[in-house]
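The values are calculated or read from the model by the stated rules, or taken from the named source; none is laboratory data. Because the structure is a prediction, the values reported are computed rather than measured. Quick reminder, even Gly has a Cβ in these numbers, built from the backbone with ideal geometry, and neighbours come from all protein chains shown.
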There are 2 protein chains.
Amino acid sequence: MRAAARLIRLIDDGDPGAREELAILYRHSGKAHIIGFTGAPGVGKSTLVDAIIVRFRKDGKSVGVLAVDPTSPFSGGAILGDRVRMQRHFLDEGVFIRSLATRGQFGGLTRSTADAVVVLDAMGKDVIIVETVGVGQDEVDIAQNAHTTVLVTIPGMGDDIQAIKAGLMEIGDVIVVNKADREGAAKTVREMRFMLHMSMDRHLDSKWEQPIVETVANADRGIAELYEAILRHWAYLRDHSHQELQSVERSRIRKQVIDLLNEIVMRRVMDELDATSNLDDLVDQICRRETDPYHVSVDLADHFLRGAKS
Amino acid sequence: MRAAARLIRLIDDGDPGAREELAILYRHSGKAHIIGFTGAPGVGKSTLVDAIIVRFRKDGKSVGVLAVDPTSPFSGGAILGDRVRMQRHFLDEGVFIRSLATRGQFGGLTRSTADAVVVLDAMGKDVIIVETVGVGQDEVDIAQNAHTTVLVTIPGMGDDIQAIKAGLMEIGDVIVVNKADREGAAKTVREMRFMLHMSMDRHLDSKWEQPIVETVANADRGIAELYEAILRHWAYLRDHSHQELQSVERSRIRKQVIDLLNEIVMRRVMDELDATSNLDDLVDQICRRETDPYHVSVDLADHFLRGAKS
């Protein structure tokens, strides 16, 4: 466990030295059920995750949790999250909780999340829960790294939340309306059903019908149904739809390779640019409007890529 | 205006053909005051932006608005946003509103936002407002593309909001506590002041003191103060701190070049990978655990980058 913690720290720091160890661990990965929890801030994801951990532990499953916080590039948000979450499960050796807050440059956060999943998977965790804070592209990317994605929403938020719900609807294998004791819960559930209906044609290849589960996380209401829905989705993938599971696995791997490649390529490019003062000079020229970012970036791409015209 | 709308559509579609036109427009850019509005969904950003547009129009300024929606890669979220926002300013030729929803791959959304800002700037808009939905890395990146960043929050949201506030505090030149008639507003303002105080040491080079403005956007309360704070920040940069303005400009340009470079490089790499079935074969091998994503991505980087060992 201490080695895993150290490795995840290296991963979060973006240390390329972690790659050799990850390559070895990778051979032992591929067994865990990876579950993503996503949704806007303030919907109660942490409380739900907490309750679901308890269920998995009761069933004798070991659990790894990654709290991914793309909003904390500037501060200690992730550390805060760790402390809050650790309290309840602190003495339970079957639960391993870590936060990630890698700077998001060149897809760093999705890359580091995928890496940390490999570590927990190779550790032998039965279940890995990835919880994201926020609703941007990072979260969509991270959700796509899971087998089962739980999309959490609440009744009666603003217009932009509605747009988000519509946008993220399709990535949720299980939809949760939390704080379902609030006014407007029934209306929200109706809207969700309508939106699911609208997006149905995109999922013709899947026989999975996304359930909508109403919960009141801090009163432990609906947690049994949510737990059951998560298990049912995993059983569906594992036992009834090998093809779908394999396609999920392949796209997870593909994405991981592309994220790693992007980061490695851009780090090498940036290292070379930083070693010379080349970029500073170019920025000066753009500042004076002698050239523009469009010609400069194409020229740089030609310079760095093998086989491109120079 | 029709040409600008067409060009922004090309930009949002990620059409590389837009680059030549953008290069020409770029020479005419660099005059507008770029203002970013950021904050969690549901805090009332759109209403605030709306009210601020009215003030700028009263002062005879032309305004361009970009609504950036990283949550809608899967659906028509941005179109929805357009429709809602267009209503009030539809007949005002001095206001130009567009939404962006570029898929975020390889920094696409930050790239397309920067491009669209160039278009509005070259159109001669005095003020360009960039409004983001969400609180992830994309928003942080986009906010850093502005001269003046307005960070919007509201009283009494959950723990993760608190973490977000701490994390984003430093990117706000003006901090807004909206819905300030709600319970807990005074407490939130106190917390904000404390957090500002904590992060003060990071801004030793700046003499700007981030004001905290309390607003009730839908009752038009505090809007005059917010407007004044925004103008004051611009005057500070433009008239009193040329050095700071220039450093903002340089880092904006640097970021734009790196985003463009990342996208151009990775597009070329992906085009070549897609043209061969190379990546598919590699994914198969990783699936069978014959190799791993870490070795594969380093080998691919070596293959694509000029001068790297092969």
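Residues of the range B:267-281 include at least one that is touching a strand residue (DSSP E or B) at 6+ places or on another chain (Cβ under 9 Å), in a helix (DSSP H, G or I), surrounded by 14 or more Cβ atoms within 10 Å (Cβ to Cβ) and within 9 Å of chain A (Cβ to nearest Cβ). For beta carbons closer than 6 Å, sequence separation of 6+ or different chains, a first residue in the range B:19-34 that is surrounded by fewer than 18 Cβ atoms within 10 Å (Cβ to Cβ) and a second that is among the hydroxyl-bearing types (Ser, Thr, Tyr), the qualifying pairs are B:Ala23/A:Tyr294.
Of the residues making up the range B:92-130, those that are modelled with pLDDT under 85, not acidic (Asp, Glu) and not in a strand (DSSP E or B) number 11. Kindly establish whether B:Ile286 is more than 8 Å from chain A (Cβ to nearest Cβ), over 30 Å from A:Leu273 (Cα atoms) and surrounded by 16 or more Cβ atoms within 10 Å (Cβ to Cβ). No.
Annotation note: Cβ proximity below 7 Å between a residue of the range A:261-278 that is over 21 Å from B:Glu272 (Cβ atoms) and a residue that is in a helix (DSSP H, G or I) (sequence gap 6+ or interchain) occurs for A:Leu273/A:Leu279.
Residues in the range A:247-259 that are in contact with a Gly (Cβ under 9 Å, 6 or more places away or on another chain) and crowded, with 21+ Cβ neighbours inside 10 Å: A:Ile258, A:Asp259. The residue pairs whose first member lies in the range A:285-298 and is more than 21 Å from B:Met266 (Cβ to Cβ), whose second member is surrounded by fewer than 17 Cβ atoms within 10 Å (Cβ to Cβ) and not polar (S, T, N, Q), and whose beta carbons are closer than 6 Å, counting only pairs six or more residues apart or on different chains, are A:Arg289/B:Arg27. Among the residues of the range A:20-72, just one is more than 14 Å from every other protein chain (Cβ to nearest Cβ), among the β-branched types (Val, Ile, Thr) and over 19 Å from A:Val117 (Cβ atoms), namely A:Val54. Scanning the range A:289-310 for residues that are β-branched (Val, Ile, Thr) and crowded, with 20+ Cβ neighbours inside 10 Å yields a single hit, A:Val296. Residues of the range B:282-293 that are among the β-branched types (Val, Ile, Thr) and not in a helix (DSSP H, G or I): B:Thr291 alone.
The set of residues in the range A:9-19 that are at pLDDT 90 or above and more than 11 Å from every other protein chain (Cβ to nearest Cβ) is empty. Taken over the range A:38-77, the criterion of being β-branched (Val, Ile, Thr), part of a helix (DSSP H, G or I) and modelled with pLDDT of 90 or more is satisfied by A:Val49, A:Ile52, A:Ile53, A:Val54. Every test in (1) more than 28 Å from B:Arg238 (Cβ to Cβ); (2) surrounded by fewer than 22 Cβ atoms within 10 Å (Cβ to Cβ); (3) not charged (D, E, K, R) is passed by B:Ser46 save one, and that test is (1).
Condition first: at pLDDT 85 or above and more than 26 Å from B:Thr38 (Cα to Cα). Can you find one or more residues in the range A:152-168 that meet it? No. Out of curiosity, is A:Gly81 in contact with a strand residue (DSSP E or B) (Cβ under 7 Å, 6 or more places away or on another chain), within 12 Å of another protein chain (Cβ to nearest Cβ) and modelled with pLDDT under 80? Judged against the criteria, A:Gly81 is a match. Taking the numbered list (1) touching a residue at least 12 places away in the same chain (Cβ under 8 Å); (2) assigned to a helix (DSSP H, G or I); (3) buried (at least 18 other Cβ atoms within 10 Å of the Cβ) in turn, B:Glu244 passes all entries but (3).
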